[in-house]
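Novice: Before I ask anything, let me first share the structure, which is written out below as C-alpha cells.
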Amino acid sequence: MSRASTAGAGAANHGKGVIQWTWTIVLSILTVLFVCIVTPYNNFIIANSYISDTYLPLASMLCVILISLVINPLMRMFVPALTLNFRQLAMIFAVALAVAVTPSSGLLRMLPYAIANTCQDVSSNKMNAEAYAALDPPPALFPDKLQFGGQTPVTDPFISELKPGETIPWAAWLPPLFSWSGFLIPYWLMVVALGVIVFPQWRDNERLPFPLITVMQSLIETPEQGRRLPPIFSRRSFLIGVIGVFALHLLTGLDAYCPGFAPKIPLSFDTNRFFTEEPLNSLPWYTKYNRIYFTFIGIAFFMPNRVGFSIWSFQVIYALYIMIGVAYFPPFAWGSICDHSTGALFGTALVIVWLGRKHGMHVLKCMLGKIGGADDRSYLLSGWSFWIGCAGMLIWLLWVGVPAPFAIFYVAMLAVIALVLTRIIAESGLPMLGGDTDSMMRLLRLIPAGWHNAASAFFGGFVSLLFGSGNRLCAAVFTTHAIGLDRQATQSKRASMGAIMLAVIIVSVVVCGAVHLWGSYNHSVTLNGLQSPIGNNGTGLTCFDWSARALLLEQQKGAMSVGNYHQIGHLFFGFFLALLLQYMCLNFTWWPLHPVALLFVGNWYASQVWVNVFIGWLAKILILRYGGSRVYRSASPFFIGLVIGEMIAVAFWTLISGVRAFNGMPYEIVDILPF
C-alpha cells in the first residue's frame, strides 16, 4: 500500500472517530438532561418508585440499555459511522452514573426542602429562633431571613405552591446555591479524587471483585460477529431470568391495578404468628418479615463466598444478640449495635489504609514531584485534588463559624465514610447501601456540650446527613465503577474521566435543582393527592429537624443526649472486632466471617437485603459444589438476568404510572424494590 493511500485511510479513520465521539457527547448530554428532568418529576411530583437512588440507578441504566439495545444497533444498520464501540459506550455509562449522584437521595431529596423548612421553622417557633440567633449563620445560606415572626416570601410558596400570577423567585435561590456549593463542590472533588486514587490499588493489587461492574459491562459488550446486541442478550439463561422476573412483577402490577384479575405470586413472608412466646417474640422484625428482591439475589451470586456468608450470618448473630438482650437483660441498649458498626468503621478504614500504604506512598511521591510517566502525573493531579477538596471543606466550615478542631474532624469523617463505603460496594456489590446519620450524631453527642459552639452543633448535624443519608449515593462509589468500565483505560484516562464526572455532578446540581424548584413552586401536593407538600416525601422537610436542629438545641440547653450505657466500650468492641476479623481473613483462607458485614449490621439497608443475599449465596455454593466452575459460568447470565429483569419491571410500571399521572388519570404505585 502506498504512503498516500495509508495517509488517506488514517485521515478517514480519524474523521470517523471524531464523528463517533461527537455522537457520544450528544448522547451523554441527552442522558444528563433526561435524568435531571425526569427524576424529580417522577420521585416527588408523581411520588412514583424512585429511579435514581441506588448504585444501579434505574433512570441512568435505562438510558444505557436504550442506547446499547436500540440506538446503537440501528446506527450499525443504517448509519455505520455513528456506531459506538465499547469504550464510547463506557463513557456514556460513566456520565449516566455521575448524573445520578444529586437528583434525589444523594442530595436534592433533602437539602432544598430542609433549607426552606428552616426558614419556616424560625419564623414560627420562638425557641428555635433563639437557637438559630445564637448560631448566626451567614445570610446567604437561606433564601429568606431567619427571624422569628419575620416574613418568608420565598419559602412560603415553595412549600405551599405559588398563587395565580406569581412567578418563581429564581434570584432568591442563587445565594444559597453558591454558598452551599462552597462546601459541596470541594466535597465532591475530594470523593471523586479518592475514587480515582484507590481504584488501581483495589482492582490490580488487591483484586477486589467489583460485582456491579460485571453487571454493567455485560450491557455494553461488543456484539459477536454477525450480531447486533451484546453477547449476553443471546444467552438463553439470561433471557429466562429476565422474562421470568418480569412476568412475576407483571402479575404484581396487574393485581395493583385490577385486584383479582390475575394471580399474584407472593414474594414476601410474615412469620410473626410463629414467634409469640418468649424469648422468640423479642427477635427483631426483619427476621420475621421480609421480602424477595431478585436484584439482591442476582448480585449476591457474584459476591465472594466469605462476603455473602458474612452479610446474612451477621444479621442472624445480631438478631440473637437483640433477642437475648431484650428478653433477659432489659433495658436493652439498642444504640450499642450502631456503636459496634461505628467502631468497625474506624477499624476497617485503618486496615484499608494499611493494605494500600505502598500505593499511598507512591501517590504522595508523585504529589511531591517524583513523576515517571503519564500515570504518575494523574496521581499528582488526583492526590492534590483530594487535598484541595479537603482544604475547601475546611475553609467553608471555618467561614460558617465551626471551630478548627471540629472542622478537621468533620472533614476527616466524610473522607473515612467515603473510603469505607466505596470499599464495601467494591467487595459486595450491594446496590443499596449508605452510611448511618445516627452514627455520626452519636459521636458528636459524646463530646460535652460546653466544647461545642452553635455552629459546630448545627453544621455537625449537616455533616451527619452527608455522612449518612447523603451518602446513599456516594460519588466515590460511582467513580470507581465508572472508571472501571473501560478495561483498557490507563490511569491518566481514568483521571480525565474523574474530571468529567465532577463536571457532570456540578452541572446536575444546577439543572436538577431548577427542576426541584419548579416542581415545588407549582405543586403543593403530589399528583395522586397523598403527600403534601411534595418535599415531605421521605426525609426532605424534616431532615434538619432531627439532625442539625436537634444538635443545636441540645448544645443551647448545655446537655447532649447520650445513652445510659457504656457507649465508648461498645465503640472499642466494634473497632477491635473489625481488626480481628480482617486479620483472620488475611491469614486464614478457611475463616468465614468478613468485617464488611459488621459495618451496616442492624440498619435499614441490611434488614432489606440479608434474606436475598442468603438465597444468592446458597445458590452459588450449591452450583459450585455440584456443578463446578463450568456450570457456575453458565449460570452467571441467569443471575444477571434476575437483576435486569427486575429493573425492566420497575421501569415498566413506573412508565405506566407516569403516563397515567401525566394524563390526569388515577394511578397506582407498584412497589417492586425497597427504595
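The values are calculated or read from the model by the stated rules, or taken from the named source; none is laboratory data. Every value quoted in this text rests on a predicted model; they were computed, and no experiment measured them. Positions of Cβ are backbone-derived with ideal geometry, glycine not excepted, and every protein chain shown enters the neighbour counts. Only protein heavy atoms, including side chains, enter the accessible area calculation; ligands, DNA and RNA are left aside. Shrake-Rupley method; radii C 1.70, N 1.55, O 1.52, S 1.80 Å.
Novice: Please report the carbon-and-sulfur percent of the accessible area for the stretch 259-308; probe 1.4 Å, protein heavy atoms only, DNA, RNA and ligands left out.
Specialist: On the way: 1600 of 2600 Å².
Ligands and nucleic acids excluded, carbon and sulfur reach 61 percent.
Novice: Same structure, new question: Measuring from centroid to centroid over Cα atoms, what is the spacing of the stretch 157-199 and the stretch 88-126 in Å?
Specialist: 7 Å
Novice: Still on this model: Under a 5 Å amide H to amide H cut-off, with H placed in plane at 1.01 Å, what residues pair with residue 150 once short-range neighbours are removed?
Specialist: none
Novice: Right, something else. In square nanometres, what is one fourth of the surface area of the convex hull spanned by the alpha carbons of the chain? Provide the component values of the computation, followed by the final result.
Specialist: Values: hull surface 137.7 nm².
For the Cα atoms of the chain, the hull's average projected area reads 34.4 nm².
Novice: Figure the gain on full extension for residue 388 and residue 225 (residue separation times 0.36 nm, minus the Cα-Cα span) and round it to one decimal in nm. Mind showing how you got there, number by number?
Specialist: Values: separation 163, 0.36 × 163 = 58.68 nm, distance 4.75 nm.
Result for the pair: 53.9 nm of gain on full extension.
Novice: Oh, and also: As a test of the formula, what do you get for the chain when each DSSP H run with n ≥ 4 contributes -39,500 (n - 2.57) and the sum is divided by the residue count, at 222 nm and rounded to the nearest 500 deg cm²/dmol?
Specialist: Numbers: 23 runs with 423 residues, N = 675.
That calculation yields -21500 deg cm²/dmol at 222 nm.
Novice: For the stretch 175-305, just list the percent of Cα-Cα distances falling in each 5 Å bin from zero outward, please.
Specialist: Here the calculated profile for the stretch 175-305 is 2, 7, 8, 10, 11, 12, 12, 13, 11, 9, 4, 1, 0.
Novice: If the stretch 256-300 were replaced by its equivalent ellipsoid, with semi-axes equal to the square roots of 5 times the Cα gyration tensor eigenvalues, what would those be, largest first, whole Å? Provide the component values of the computation, followed by the final result.
Specialist: On the way: eigenvalues 149, 63, 8 Å².
They are 27, 18, 6 Å, listed from largest to smallest.
Novice: If you don't mind, another one. Please give the per residue accessible area of the chain, computed with a probe of 1.4 Å over protein heavy atoms only, in Å².
Specialist: Values: 27710 Å² over 675 residues.
Result: 41 Å² per residue.
Novice: Lys/Arg Cβ at +1, Asp/Glu Cβ at -1, dipole of the stretch 358-488 taken about the Cα centre: which of 473, 394, 372 is farthest positive-ward?
Specialist: 372
Novice: Out of every Cα pair in the stretch 101-244, what percent are spaced more than 18 Å from each other?
Specialist: Taking all Cα-Cα pairs of the stretch 101-244, the fraction more than 18 Å apart is 73 percent.
Novice: Once you measure Cβ to Cβ distances between cysteines in the chain, which Cys have no partner under 4.7 Å?
Specialist: Here 63, 119, 258, 338, 366, 390, 474, 543, 585 come out as lacking a disulfide-compatible partner, given the Cβ-Cβ threshold of under 4.7 Å.
Novice: Let me ask something else. Please tell me the relative contact order of the chain in percent, rounded to the nearest whole number, where contacts are Cα pairs under 8 Å and at least six residues apart.
Specialist: Averaging sequence separation for qualifying contacts and normalising by length gives 28 percent for the chain.
Novice: Just the accessible area for residue 328, please: 1.4 Å probe, Å², rounded to the nearest 10?
Specialist: Accessible surface of residue 328 is approximately 130 Å².
Novice: Same structure again: Using r as the Cβ-Cβ distance of residue 583 and residue 178, and R0 as 41 Å, what FRET efficiency do you calculate, to the nearest 0.05?
Specialist: Working: r = 48 Å, r/R0 = 1.16.
About 0.30, to the nearest 0.05.
Novice: Further question: Any lysines with Cα under 17 Å of the residue 358 Cα? List them, leaving off those in the same chain fewer than 8 positions away.
Specialist: 370
Novice: Something else about it: Please work out the FRET efficiency for the pair residue 86 and residue 247, using the Cβ-Cβ distance as r and a Förster radius of 35 Å; give the result to the nearest 0.05.
Specialist: Approximately 0.65, to the nearest 0.05.
Novice: How much space per residue, in cubic angstrom, does the convex hull of the C-alpha atoms of the stretch 441-570 take up? Before the final figure, lay out each step's value.
Specialist: Values: hull volume 26.1 nm³, N = 130.
It is 201 Å³ per residue.
Novice: Rg and Dmax of the stretch 41-87 over Cα atoms: what are they, in angstrom?
Specialist: Rg then Dmax for the stretch 41-87, in Å: 14.6, 41.
Novice: Moving to a separate point now. For the stretch 339-489, take the alpha-carbon Rg, divide it by the Kirkwood Rh, and send me Rg/Rh.
Specialist: Values: Rg = 16.9 Å, Rh = 16.9 Å.
Here Rg/Rh amounts to 1.00.
Novice: At a 1.4 Å probe radius, which order do 423, 273, 235 fall into by accessible area, largest first? Don't skip to the answer; put the middle values down first.
Specialist: Details: 423 20, 273 165, 235 90 Å².
These residues rank, largest area first, as 273, 235, 423.
Novice: Let me ask something else about it. Rolling a 1.4 angstrom probe over the protein chains, ignoring ligands and nucleic acids, what is the accessible area of residue 285 in square angstrom, nearest 10?
Specialist: 130 Å²
Novice: Rounded to the nearest 0.05, what FRET efficiency do residue 659 and residue 492 have when you use their Cβ-Cβ distance and R0 = 51 Å?
Specialist: 0.70
Novice: In addition: So which helices of the chain fit the span-like rule, where a helix is a whole DSSP H run, its Cα atoms reach 18 Å or more along the axis, and its mean Kyte-Doolittle is at least 1.6? Intermediate values should be presented prior to the final figure.
Specialist: Numbers: long enough: 3-40 (56 Å, 0.95); 86-99 (20 Å, 1.94); 111-124 (20 Å, 0.21); 174-200 (39 Å, 1.67); 236-257 (31 Å, 1.38); 305-328 (34 Å, 1.12); 335-355 (30 Å, 1.23); 374-399 (37 Å, 0.72); 404-428 (36 Å, 1.92); 454-467 (19 Å, 1.86); 491-522 (46 Å, 1.08); 567-587 (30 Å, 1.38); 604-662 (51 Å, 0.98).
Membrane-span-like by this rule: 86-99, 174-200, 404-428, 454-467.
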